[in-house]
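Chemist: Can you read through this structure? Questions will come right after.
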Amino acid sequence: MSDLSSNSPARDSFKSNLGFVLATAGSAVGLGNLWRFPFMAGTSGGGAFVLLYLIILVVIGVSLLLVEFSVGRHGKRNAVESYKKIHPAMQWVGYLGFISAFIFLSYFSVVGGWTIHYAIKSVTGLLALSPDQMGGAFGGFISHPFLPLVYHVIFMGATIYIIAKGVSGGIEKWSKILMPALFVMMLILLIRSVTLPGAAAGIAWYLKPDFSKINGGTWVAALGQVFFSLSVGMSGMVTYASYLNKKENLPKVALQVSLTDTLIAILAGFMIFPAVFAFGMEPGAGPGLLFITLPAVFSQMPLGTVFSFIFFVLVFVAALTSSISILEMPVTYIIEKKGMSRPKAALLVGGISFVLGIAVSFSFGIWGGFKIFGMDIFTLFDYFGSNISLPLGALGASIAVGWFWKKKGATGEITNNGELSNNGIANGWFFLVKWIIPVFIFVIFLSSVGILKF
Ligand code: PHE
């Protein structure tokens, strides 16, 4: 994917199938799976949330990923112009993604920074604490006025650096080793977690849906989480696919990426919830869940320090391969529309997001009492981003493809003009995109604002 580094006016493309699959899987698998999925499941009803998540993923998530792929590869330009190519009235989807990118990047970088701190802390005494001291240690760290900002600088700096240089072969090669390494580490942790005394209650809580917990809020939370985790609704995948050549089997990649992404999220739950119950912690602990629970698990393992260090480094890398996809979206637009150089554009967007991130970081501490619509800044950004902006972007994306793009054009894009002989899949997909997905998102939306009750 070194091609993204190019500043030449002629647009390059991914040279290898693997490069694109790794980049999109890298974008999808990140803090959304490891940090946000368990904490949302924890605050939104456990097994009930997991069930809704899986339903939404199958019915609309995979197809929407394919929607973004098709729009991007067809457009071969930044997201705004790619949507414009389908219909000028749909450009707003690209602009909305542009705004969302700043919001996501700001808090993603703050939380990404926490993973660096935890990697370091793993080898400098964190694991000597008892499980019930982990919450206090986490709270002390995130509410500190400066320390989290140091890591926020490092994380944002790394993101800007990679995008300024172009997503070079290095990351591509690394991902091949690091993604499987993350998977293996998760399995090791999972085994330790489910064998802790008292773990069974956590497994039951995670797997048994309690239907009384399901309401409009749970649906929206699950909807937002599916979009966040698959990186759809923000045109990040439109942007990546715009660098793609015409040979790729898009439906296959969409399926592969969705399966990998979901597997990692589900495993993250298995790693965390048994331990939460074993240690008598709170599943609804919120954004700190991963950082409070896992060190407690590591502290109960032989070689815990080593495992903990490696684990948090891997989470950091997974977060980085996601944050670069968030930054790439507005950067591509600025380069192509404003003619700015790649490093300058990366610095500009990253710089603004960094400043927004300072406010997010403060909201965990000195600005904790400052509320807008009853939410602190982090909660507001996260809520607006995932529950409003991504569903709206996804709604726009499905309307653009289902209603403004001729069926022949859209299905032609994902069948590679008939070459792939997957017409059945393409027709089914188009039907879902045109009739089911917009209605589904709209109904969930109405229920979230209380207009519809179910
Ligand atoms: N999907 C990423 C994750 O799970 C986050 C992300 C959201 C990336 C939106 C791009 C766009 O961590």
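Chemist: Criterion first (open to solvent by 10 Å² or more (accessible area, probe 1.4 Å) and at pLDDT 95 or above) does Val21 satisfy it?
Modeler: Values: open to solvent by 10 Å² or more (accessible area, probe 1.4 Å): yes; at pLDDT 95 or above: no.
So Val21 fails the test.
Chemist: With Ala137, Ala101, Ala89 as the choices, which residue is buried (at least 21 other Cβ atoms within 10 Å of the Cβ), small (Gly, Ala, Ser) and modelled with pLDDT of 95 or more?
Modeler: Details: Ala137 fails: buried (at least 21 other Cβ atoms within 10 Å of the Cβ); Ala89 fails: buried (at least 21 other Cβ atoms within 10 Å of the Cβ).
Result: Ala101 is the single residue among Ala137, Ala101, Ala89 that is buried (at least 21 other Cβ atoms within 10 Å of the Cβ), small (Gly, Ala, Ser) and modelled with pLDDT of 95 or more.
Chemist: Considering only the stretch 354-374, state which residues are in contact with a Pro (Cβ under 7 Å, 6 or more places away or on another chain) and surrounded by fewer than 18 Cβ atoms within 10 Å (Cβ to Cβ).
Modeler: Gly365, Ile366
Chemist: Can you tell me which residue among Phe49, Phe20 is out of contact with any Asp or Glu (no Cβ under 8 Å at 6 or more places or on another chain) and more than 18 Å from Pro438 (Cα to Cα)? Walk me through how you get there before you give the answer.
Modeler: Working: Phe20 fails: out of contact with any Asp or Glu (no Cβ under 8 Å at 6 or more places or on another chain).
Unique residue meeting the criteria: Phe49.
Chemist: Let me ask something else about it. Considering the stretch 202-234 alone, what residues qualify as being among the small types (Gly, Ala, Ser), open to solvent by 10 Å² or more (accessible area, probe 1.4 Å), within 30 Å of Ile326 (Cα to Cα) and modelled with pLDDT of 95 or more?
Modeler: Ser231
Chemist: Among the residues of the stretch 286-322, write down those that are away from the ligand (no atom under 16 Å from the Cβ) and either modelled with pLDDT under 90 or open to solvent by 10 Å² or more (accessible area, probe 1.4 Å) (or both).
Modeler: Listed by number, the residues that qualify are Ile292, Ser299, Gln300, Met301, Pro302, Leu303, Thr305, Val306, Phe307, Phe309, Ile310, Val313.
Chemist: How many residues, within the stretch 323-353, are assigned to a helix (DSSP H, G or I) and open to solvent by 50 Å² or more (accessible area, probe 1.4 Å)? Working first, answer last.
Modeler: Going residue by residue through the stretch 323-353, those that are assigned to a helix (DSSP H, G or I) are 323-338, 342-353.
If we keep only those that are open to solvent by 50 Å² or more (accessible area, probe 1.4 Å) as well, we get 337-338, 343-344, 347-348, 352.
Qualifying residue count, the stretch 323-353: 7.
Chemist: Follow-up. I need the full set of residues from the stretch 225-263 which are within 11 Å of the ligand (Cβ to nearest atom), outside any loop (DSSP other than H, G, I, E, B) and of a type in the set (A, V, I, L, M, F, W, C), in order please.
Modeler: Val226, Phe227, Phe228, Leu230, Met237, Val238, Val257 - these are the residues of the stretch 225-263 that are within 11 Å of the ligand (Cβ to nearest atom), outside any loop (DSSP other than H, G, I, E, B) and of a type in the set (A, V, I, L, M, F, W, C).
Residue-by-condition table, conditions (1) open to solvent by less than 20 Å² (accessible area, probe 1.4 Å); (2) more than 30 Å from Phe183 (Cα to Cα); (3) more than 14 Å from the chain's Cα centre (by Cα); (4) within 16 Å of the ligand (Cβ to nearest atom):
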{"position": "Ala48", "(1), (2), (3), (4)": "yes, no, yes, no"}
{"position": "Val58", "(1), (2), (3), (4)": "no, no, yes, no"}
{"position": "Val71", "(1), (2), (3), (4)": "yes, yes, yes, yes"}
{"position": "Lys84", "(1), (2), (3), (4)": "no, yes, yes, no"}
{"position": "Tyr107", "(1), (2), (3), (4)": "yes, no, no, yes"}
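Chemist: While we're on this one: Name the residues in the stretch 315-363 that are under 21 Å from the mean Cα position of the chain (by Cα), under 22 Å from Phe378 (Cα atoms) and of a type in the set (Ser, Thr, Tyr), would you?
Modeler: Thr321, Ser322, Ser323, Ser325, Ser353, Ser361
Chemist: Then there is this: Every residue in the stretch 411-443 that is open to solvent by 20 Å² or more (accessible area, probe 1.4 Å) and of a type in the set (Gly, Ala, Ser), please.
Modeler: Gly418, Ser421, Gly424, Gly428
Chemist: Return the residues of the stretch 375-410 that are open to solvent by less than 20 Å² (accessible area, probe 1.4 Å), farther than 23 Å from Arg36 by Cβ and among the hydrophobic types (A, V, I, L, M, F, W, C); say none if nothing qualifies.
Modeler: Scanning the stretch 375-410 gives Ala400, Val401, Ala410.
The values are calculated or read from the model by the stated rules, or taken from the named source; none is laboratory data. Computed from a prediction, not measured in an experiment: that's the story for all the values here. Heads up, the Cβs are rebuilt from the backbone with ideal geometry, glycines too, and the neighbour counts pull from every protein chain shown. Heads up: the accessible areas ignore ligands, DNA and RNA and are worked out on the full protein's heavy atoms, side chains in. Shrake-Rupley method; radii C 1.70, N 1.55, O 1.52, S 1.80 Å.
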